[in-house]
Structure formats: C-alpha cells, structure tokens
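Inspection log for the structure reproduced underneath, given as structure tokens.
Any read-out appearing in this document is the output of simple, stated calculations on the displayed coordinates, not a laboratory observation. Computed from a predicted structure; not experimentally measured. Glycine gets a Cβ as well: all are built from the backbone with ideal geometry, and neighbour counts include every protein chain shown.
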Amino acid sequence: MANGFDPRIGTGTNPATVGRGEVAVDAGLRAHMLSVYNYMTSGVLLTGVVALGAGMLGIPQALFTGGNILGWIVIFAPLIMVFFLMARVNHMSTAGVQAFFWTFATVMGLSMSVIPLIYNGQSIAMAFFATAAAFASLSLYGYTTKRDLSGFGTFMLMGLVGLIVAMVVNLFLRSPAMDLAISVIGVLIFAGLTVYDTQKIKSIYFQVAGTDFLGKAAILGALNLYLDFINMFQFLLSLIGNRD
C-alpha cells in the first residue's frame, strides 16, 4: 500500500497514543476487509446457485439456443449494469448499492448458466478450485505487500481495454489462435487486477473510515473482487476446459 494513504505514518505524535491508534485502525481494517470478502464470497455462491438452478430448470436451452433475443439481453445485462452503477453510485444509498450487488450476482448467474452446455462438470470444478486457490494467494499478496501498485494497476487496466478490443475483433475473425491468446492474457490480467484491487480496497478504507461511505465502499470493493474472480474463472475455463 502506498504510504500516502496510511494516516498512521507521520511525525510528532505521542508514542503512547500511536500504539492505541494502530490497534484501532488495524481492527477497523480487518473488519472492513472481512466485510468485503464476505460480500464477495456470498456473491460468487449466489451466482453459482442461480447458474445451477437455471440449468436444472432448462433455462439455458430456452435462452441461448435458436437466436433468442432474451439470451443476448441476459449476456450483455451485467455490462450494462456496471455502466449504470458507475453513473449512479454517488446518488445511491448503501442499501441501494447492496441490492444492486445481489441483483448483479443473480443476473450474472443466469448469463453463466450456459457454461455447463459447453464444458463438462469436471472441467468446471477444476477451473473453479484453481481460480479459488489463485485468487486467495493473489489477494493475500495484495493485502500484505508494501509496494505501491498504482502504476501496475494502471498498466493492467490498459491491458484490459486492449483485451476487450481483441475479444470484439475475434467475434468476427473467429481465430482459434487468437482465442487461446485472449484466454492466457485474460487470466494474467485478472490475476494482476486481483492484487491491485485488494490493495486499492485497503487504501480506500483509510480515506473513508469513519464516514457514511464506508459501508458502500465495502460493497463496491467486493464487486471489484467478484468481477476479478468471475472473469479469471471464465478465462481459465476456456483455457483448460474440455468441451462436451
């Protein structure tokens, strides 16, 4: 974490009070990060349950076959929702952002319910647990490292823009080699963003601690990590998964 974001670093303070301040900040930070991870994990579980339930009800076959327009709406709905949140987040209450998060996880579950139609169960399970293990390690590094990752994060975000452009281009080219390259780069980019976003969440805590925005910040941080996890999982699955 960049030192500039840490209010505990300074001069001229009373050593007797610094210790108590550090304990209070550390306790608050731990509680904040626990809230972030609880939201994020619950969101991933909700997405999985919705995807599984939709599959059992035959919803993917109805939505994603025969050129059904509803299928395209479900696929692009999460992206539209993210743009909506970016535009409206400052005008939303904490409860509103929380409701958005659960709705987003549900819609994402519907969009991902098509995955079992493409990949077998063993591949899905393997990709999920590999993603979970990698995510835990990467997020732990992002939380504990003392390096300032702001420059690294900017590089990752630029890479993400390039990745999106490549994915759009490949919709028309349909190149297997480009598919492979996109999957590899996608895994690496979202692995890097997991590290960066974790440090960013920690840094933002020091900016908003004690304000009304703290609860909203926890949900927004969880959404960032949720997206990192989901995208890393999907790119890894496309890389190592066996198609039915």
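Dipole size of the chain about its Cα centre, with +1 on Lys/Arg Cβ and -1 on Asp/Glu Cβ: approximately 160 debye, rounded to the nearest 20. Debye-formula intensities of the range 153-244, expressed as log10 I(q)/I(0) at q = 0.16 Å⁻¹, are -0.71 (one equal scatterer per alpha-carbon, no solvent). Order by neighbour count: Ile201, Ile73, Ile124, Ile189, fewest other Cβ atoms within 10 Å first, most last. The most exposed by this proxy come first: Ile73, Ile124, Ile189, Ile201.
Between Val184 and Thr211, full extension at 0.36 nm per residue minus the direct alpha carbon distance yields a gain of 5.7 nm. Of Ser113, Leu237, Gly215, which is farthest along the charge dipole of the chain in the positive direction, counting Lys and Arg as +1 and Asp and Glu as -1 at C-beta? So the residue we want is Gly215. Over the chain, the alpha carbon radius of gyration divided by the compact-protein estimate 2.2 N^0.38 Å works out to 1.11.
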